Each structure stands twice: as structure tokens, then as C-alpha cells.
1. When ligands, DNA and RNA are left out and all protein chains stay put, how many square angstrom of accessible area per residue does region 193-335 have with a 1.4 Å probe?
2. For region 90-165, with every protein chain kept in place, what is the accessible area per residue (1.4 Å probe, Å²)?
3. Post the alpha-carbon centroid distance, region 287-315 to region 24-58, in whole angstrom.
4. If eta is 1.567 mPa s and T is 4 °C, what Stokes-Einstein diffusion coefficient results for region 7-102, Kirkwood Rh from Cα pairs, in µm²/s?
5. So if the hydrodynamic radius of region 59-194 is defined as the Kirkwood radius over C-alpha pairs, what does Stokes-Einstein give as its diffusion coefficient at 37 °C and 0.692 mPa s, in µm² per second?
6. Below 10 angstrom from the Cβ of ARG153, what's the summed charge of the other residues (Lys, Arg +1; Asp, Glu -1)?
7. Kindly rank 105-115, 347-357 from highest to lowest mean number of other beta carbons found within 10 Å of each residue.
8. Taking θ as phi - 60°, what are the ³J(HN,Hα) couplings along region 105-115 by the Karplus curve (6.51, -1.76, 1.60), each to the nearest whole Hz, with x for Gly and Pro?
Amino acid sequence: MTRPATHIWRLFKWGRTLARHGALRGIERDPNTPLPVKRLARLARIGTIQPAVPDYAGAFRDIGPAAIKLGQTLATRPDLVGEDAARNLLSLQDNLPPVDFAQIRASIEASFEQPIEALWAEFDPVPIGAASIAQVHRAVTTDGRKVAVKVLRPGVRERFARDIETYEWAAAQLESFGGEAARLRPRLTIANFKRWTLRELDLRREAASASELAEHMAGTAGYEVPGIDWDRTNGRVLTVDWIDGIKISDTESLRAAGHDMHELAGRLVLAFLKQAIAAGFFHADMHQGNLFVRADGTIVAIDFGIMGRIDRRARMWLAEILYGLTTGNYRRVAEIHFEAQYVPSYHNVDEFATALRAVGEPMRGKPVSELSVGQMLDGLFAITRDFDMQTQPHLLLLQKTMVMVEGIATQLDPAINMWDVSAPYVRNWIRGELGPEAALADRLREDTQTLLRIPQLIRRLEERYPPKGGAPEQPPLPDIELLRERRPSGAARYLVAAAAGGALVWLGTALGWLA
């Protein structure tokens, strides 16, 4: 167990780095910041020279790998870090200098317990990319297939575990102050961050996620997930098929290759909607570096370390919320928030619907170039405080991914209208999932499951009440009050004792035991 003094020292050192980038200014000025946090921030910035414009992304980059991942998570929480900080953190790129290849080779050979040459005929020692958790190398397998090999940085698991332990401690202290800090649920935010990070640190989980997403997207034209080489994959090494294509962020090269930018943007949005709403399992790290376009126009996704999952009930709510916002049915959107218990029941549904209208109405019918899904989400966050809405951590990844998809779609086609692209798909999904046929199918499925449980229920009843044996049934016996069940009064106990003593004396005299 790490001592509190160690956590405080780590936080102080990180605070010094934040102060040098001017990133503590917002914490000190925020009226909702607990007083002990403000004191620590003031102490951390003593003797530092702060820039005029805070550089939150630079501060998190300088603190270290775990902070880079945390900063990317906080970029989706303008309610927690403020709009300026969230906007700046969106530019935080996960790029770090690569690890020396000798260490990478040693790590690979230790994990497979055999030399690299036994698995790959060629292995480029110069990585094509290096991030906070892993770096990627180009290679050719012994059977001649071109692959990309992702290798964890040596020691990264231990460093992340140490830093996350301090994040958890700090979040618990912050939440204990109550008020706004408790409403924002920082402990749950860090708990989700920890779960996502631990998943990224096990490359077998990433391989499994890629395989599952490929199953969900099978049959979806124009979208592909690279194949996994399971024989050359373990917890520290991931091998996937090599992708030849243009980065989706390189719009000039895409136009030069003759790709339809409007069609690409629409297909990307629909692919995300299919994953999030239809499958309930989506690629939650869809930034520009993780999407490529092949010569035939197929969008290929890579890097499946961060995945999001939404259960069916939440997906139904989400679809109705999106459709209600696109059609202006704010009353229904408000009702869903109350049904999902996102808004406490003591608030008024109509008042909440009016607040939603104030956010959504100015944006309806406009192209992305004139509006922002991210701004709409910021507006929704702004009303959460008025209606005492607690943060829903299971939707944080979804919000983050929506912002990413919006940004890429806008780059591909600035005139795209996200609502026009989304509405038909969402409407059809709602019809299929919430229409009369779907309701009948759900009822049949539930009733069938109930019927199938009847035999098991009967077996449990028989175990509780076993059948009678072959002997004839015995007649009922009358209830007789037992002496041991009665507790005589104090006087009665003395009389009984005296009588018993006298009887013993008489008996002893009669038998000649007593003179």
C-alpha cells in the first residue's frame, strides 16, 4: 500500500509541470474547486513562470505516458476540466520517441521463448510509429505475409500501475469534499480510465476486440478490420495484416486518388452508428491516425486497444435521443432521460425539454461547417448542473468517439450534415427494435424463456418439498406442553427446590443413610 505522502509528492511534482505550462490557472479560478486543491495548486506554482495561454496538452505530454492517456480521456469532459482545457487537450497526440530496438527484441524473444528469426523472415528495427504504450514495426512472416507487429514498451505496465494508483487516491480525496466534486464522480472517471488502460496493456485483449468487431461488421461494404495472426500474438506482442492505404487525414492524397470525399464521410458516420447502436460494441479510438483508405475506397481501422460497449437498453435510449434531437422531439428526449434515471425524478420533464430545445434548436438543419456535435454535447453538459445529473461514465467513450468521428467527417466533407446522414439509419433501427414486430418478437422471446425455466422451477420445488415415501401416512399427534418449555417463576423455583431437598432427606433417613 502506497503511503499518502508518496501520492502527495507525486501530485506536487505533476502540479509543478502543470504550473510551468499555465495549466493550474483554471483550477485556482474555478469557484467549484475545493479549497485544499486550490492551496496545493498555489504551492505548486511558486517560483514558476507561467505562459499567457495555458498549454494543457504540453503539460500532460511532459508528465508522462499515463498522463497522455488521462489527458485524452479528460478531453471529453468539458464539465470536469472546462471548455478551454478540453478543446486544448483534443490536440494531445500520443507520440513518443521509440524504445531502442535491442530492448524490443529482448522483450519479443522473452515473451515467445524463441528468437525473432523463428517467427519473422524480416523485421524492420525502425518503428513506423511509437506511442505511450507500444510501438509498431513492419515485418514479413516466415510464410511470406506482410504484417504489422505491435510491441509493448518494456516496463510500461509497472509505470502505469504506479501512476493510476495515485490517480485513484487523488480522485477519492477530491470526491470526499462533496458538492460539485462529488456530482462529477471523479472516482468513476478514473475507474473507467483504469479499465480501458488495463485492456490496452494486454495485447491479447486487443486482438480479441479486433476479431469481435470484424464479426459485427462482416457484410458491411466499404469497412474492414485487419486479420489477426494468433500464432504470433501474446500479451506483449500483437501481429496483424499489413494495410496499404492512405491515411484518412491526408485529404489531398485522397482527392488525387479519385476518392469521393462526400461518400467517404457518410460511410464513416454510418460505420460508427452501426457499431455503436446496432452492435453495441464500437471502436473508441477512431482518430485520424487509426483510419486508412485503400485504393478501392475501403475504410480500414487499426488499433483496437480502446473499445466501447453499450447494452441493448442503453442503445435503445441512445437511438431515441439522437432521433429526437434530429427531429426536434425534445419532449420525448426529456422523457427518456427520466426513464433512464439520468435526471432525478423531482425535476420537471417539461422544464428539461425546454432546456434541451435551447441547445438543439439552433443547430437543426445546418451543415457541420456551421455547427458542431461537440458544441452540442458541451451545451448538454452545461445543463446537467441545473438538473442535478450525475456523470454517466459508460457514455464517456461514446461521446469521445462521436467528437472524433465528427472531426474526421468534417475534414473529408465540410458541407456534410451529420443529422441528415444519421437520421435514416437511426429511424430504421428504431423501427426494427421498437416497432410492433420487434415488440412481439421480444414478448415471444421472453415468454419462451419463461416456459423453458418451468422444469427447473419444478425441480427446485421437489428438492424443497420431496415426495412422501412408501410407509403409510402417520396420524397427527396432539401438541403437548413440555416442562422444559415452561420457565417457572422465582418463588415456584424455590418451592420445587425445597420439596426436592426434603424428599431426598426423607429417602436417606428411610434407607438408613442418615442417622
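1. Per residue, region 193-335 has 39 Å² of solvent-accessible surface.
2. On the way: 3790 Å² over 76 residues.
Result: 50 Å² per residue.
3. 36 Å
4. Numbers: Rh = 13.9 Å.
Approximately 93 µm²/s, per Stokes-Einstein.
5. On the way: Rh = 17.2 Å.
This corresponds to a translational diffusion coefficient of 191 µm²/s.
6. On the way: positive: ARG157, ARG159, ARG236; negative: none.
So the surrounding residues net to +3.
7. Ranking, from highest mean packing down: 347-357, 105-115.
8. 4, 4, 5, 5, 5, 5, 6, 9, 6, 6, x
The values are calculated or read from the model by the stated rules, or taken from the named source; none is laboratory data. Bear in mind that the values here come from a model prediction, so they are computed numbers and not experimental data. No Cβ is skipped: glycine too gets one built from the backbone with ideal geometry, and neighbour counts run over all protein chains shown. Heavy atoms of the whole protein, side chains included, go into the accessibility calculation; ligands, DNA and RNA do not. Shrake-Rupley method; radii C 1.70, N 1.55, O 1.52, S 1.80 Å.
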